[in-house]
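My questions will all concern the structure given below.
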DNA sequence: ATTTATGCAAACGTTTTGCATGTGT
DNA sequence: ACACATGCAAAACGTTTGCATAAAT
């Protein structure tokens, strides 16, 4: 399959030292693949990416980078607290840098659109839920499901 | 909502006419399989069941009842508004009668335990989220993720 | 040198689908 | 009689895993 694949000598944008440090934070090894995956998340900013979208972003520079490697890298990042994983519960799960501001999501059950919600709109409720359930929700992220304005107008 | 709210006996009574009517509500056909699946949900009360648990419950009386049929029946019930489906976002999805009181769930990310949360603990937040996002969350159900008391104690 | 990470393929569990047969209405 | 529902097997889906190889420390 891969005829001539030569290992690119450390490619394009100079990676910031802090990012390297972050990946290495828990004694992990800095590999070309992890750097690429990390870069994809950095470039995405506060737009979360699915595992598939990470693959798309990364397959330009490294077409042979396997999806399994992406899952493993993302798992590591999540385990190290560098990346946040959100499962929308409709078959989609997405990843974004933990450094982004904490926020919550609203997903349109009709068209799948996703919007962000500020934490302060939600925090008081978290306290009440903690009190009632005895669970700790310290850094909980919520995913709301509803109907977006566009779909509401169309259907309603 | 039913006009006459009879105190639901915990036991499973002979199939009530209202239940038959419910299944038929949208011109659906009342089949043996659907009746069994429905009964499983009724017997479960406010304990939600996974698709697999419905299968287990139903395979006593009808061992040949195929899992695909269960998914199709549950889809129909959900489409007709008789059953509520909740996807916990950790690979588990569960079903319960829509007639049960509306409530929300807290899932322990460590052990998977699930607790219920009353709607009034949460409703004010829903309004704020609606305002901020422009989404409509009328009958939204939330799934919170956190650490249950037992796991919190164990881990520190 | 040692340990960890990768590529690959294969396995996984859940859900969906095409099609022939069977059943409620 | 007819449309609809079922059983079955097979496929789709996203994700995980075992293992030999490769690369980072």
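Every number here is computed from the coordinates shown, using simple stated rules; none is lab data. This structure is a prediction, so every number in the text was calculated from the model and none was measured. We place every Cβ from the backbone using ideal geometry, glycine too, and count neighbours over all the protein chains shown.
Report Rg/Rh for region B:6-156, rounded to two decimals, where Rg is the Cα radius of gyration and Rh the Kirkwood radius.
That ratio equals 1.01.
Another question about this same structure. Using Cα atoms only, what is the angle between the long axis of helix B:67-79 and the major principal axis of chain B, expressed in degrees (0 to 90) to the nearest 10?
Approximately 70 degrees, to the nearest 10.
Which residue, B:113, B:57, B:93, tops the fluctuation ranking in a GNM of chain B built on C-alpha contacts under 10 Å?
B:113
If you fit an axis through the alpha-carbon atoms of helix B:123-133 and take the longest principal axis of the Cα set of chain B, what angle between them do you get, 0 to 90°, nearest 10?
So the helix axis and the longest Cα principal axis differ by about 80 degrees.
Now, a different point. If I histogram all Cα-Cα distances within region B:17-97 using bins 5 Å wide from 0, what percent of pairs lands in each bin?
Percent of pairs per bin, in order: 3, 16, 30, 26, 18, 5, 1, 0.
Okay, moving on. Mind giving me the nanometre distance, one decimal, between the label points for residue B:113 and residue A:119, set 7 Å out from Cα along Cα→Cβ?
Modelled inter-label distance: 2.6 nm.
Another question, then. Within 10 Å of each Cβ in B:47-53, how many Cβ atoms from other chains are there, averaged over the peptide?
0
For region A:12-71 and region A:91-156, what is the separation of their Cα centres, given in Å?
Going from one Cα centre to the other spans 26 Å.
Mean separation of Cα pairs under 8 Å and 6+ residues apart, divided by the residue count of region B:17-97: what relative contact order is that in percent?
Across region B:17-97, relative contact order equals 33 percent.
Across peptide A:86-92, how many C-beta atoms of other chains are within 10 Å of each residue C-beta, on average?
Taking all residues of A:86-92 together, the mean is 4.
What value does region B:103-155 have for Rg/Rh, both radii from Cα atoms and Rh as Kirkwood defines it?
1.09
May I ask for the Rg/Rh ratio of the protein assembly as shown, computed from Cα atoms with Rh as the Kirkwood radius, given to two decimals?
Value, to two decimals: 1.03.
What is the spin-label model distance, in nm, from residue B:128 to residue A:42 if the labels are put 7 Å beyond Cα along the C-beta direction?
Label-label distance for residue B:128 and residue A:42, simple model: 3.4 nm.
Still on this structure, please answer the following. Between the helical axis of A:32-44 and the dominant principal axis of chain A, each derived from Cα atoms, what acute angle in degrees is found, rounded to the nearest 10?
Helix A:32-44 and the main axis of chain A meet at about 40 degrees.
Could you work out the relative contact order of chain B, using alpha carbon pairs under 8 angstrom and six or more residues apart, expressed as a whole percent?
Reported as a whole number, the value is 17 percent.
Could you work out the mean count of beta carbons from other protein chains within 10 Å of each residue's beta carbon in B:137-149?
Other-chain Cβ atoms within 10 Å of each residue's Cβ, averaged: 6.
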